[in-house]
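The values are calculated or read from the model by the stated rules, or taken from the named source; none is laboratory data. None of these values were measured; they are calculated from a predicted model. Methodologically, a virtual Cβ is constructed for each residue, glycine included, from the backbone with ideal geometry; neighbour enumeration extends over all protein chains shown. Ligands, DNA and RNA are stripped out before the accessible areas are found, and what is left, the full protein with its side chains, is counted by its heavy atoms. Shrake-Rupley method; radii C 1.70, N 1.55, O 1.52, S 1.80 Å.
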Amino acid sequence: VVSDTRRLSDVEWFRDVYGDAVQTVRVVASEETRKRRNWVFVAGVDDAESECGLDQGVAFDWVITNDGDEGFLDEQLEPLLRSLRGRL
């Protein structure tokens, strides 16, 4: 498990080295939720490649929405966890 890749080249490297074993997961939250969590956009930081380099060009295997609804989060995580367990 790699918890934080930030650039397309990171994802490409893992896919090149590990092939089909790689499962990409993107966790998203709305801007409104992020602001409720005290996030404030900082120009030069939040628009840098290290923060948004994976916003385009990656077909994620899983996209999980984390806007604070625990039940909905569980509903999304269960198929992901079943899939991963099936690969062990």
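Once you order the gyration tensor axes a ≥ b ≥ c over the Cα atoms, which shape class does the chain get: rounded for a/c under 1.5, otherwise prolate or oblate by comparing a/b with b/c?
Note, shape of the chain comes out oblate.
Of all the accessible heavy-atom surface of region 8-86, with the other protein chains kept in place and a 1.4 Å probe, what percent is carbon and sulfur?
About 50 percent, which is the carbon plus sulfur part of the accessible surface.
Along Cα→Cβ, 7 Å out, is where each label goes; now give me the distance between the ones at R36 and D67 in nm to one decimal.
Placing both labels 7 Å beyond Cα along the Cβ direction yields 0.9 nm.
Label-point separation (nm) for L81 and S9, each offset 7 Å from Cα along Cα-to-Cβ?
Going by the 7 Å Cα→Cβ label model, 3.7 nm.
How many Å² of accessible area per residue for the chain, probe 1.4 Å?
For the chain, the solvent-accessible area averages 76 Å² per residue.
Hey, what number do you get for the chain at 222 nm if only DSSP H runs of n ≥ 4 count, each worth -39500 (n - 2.57), divided across all residues, to the nearest 500?
-13000 deg cm²/dmol
If you put +1 on each Lys and Arg Cβ and -1 on each Asp and Glu Cβ, how big is the dipole of the chain around its Cα centre, in Debye rounded to 20?
Its charge dipole is roughly 220 debye.
Taking amide H positions as placed in the peptide plane 1.01 Å from N, state which residues far from T65 in sequence (5 or more) or on other chains have amide H under 5 Å from it.
HN-HN under 5 Å from T65: V28.
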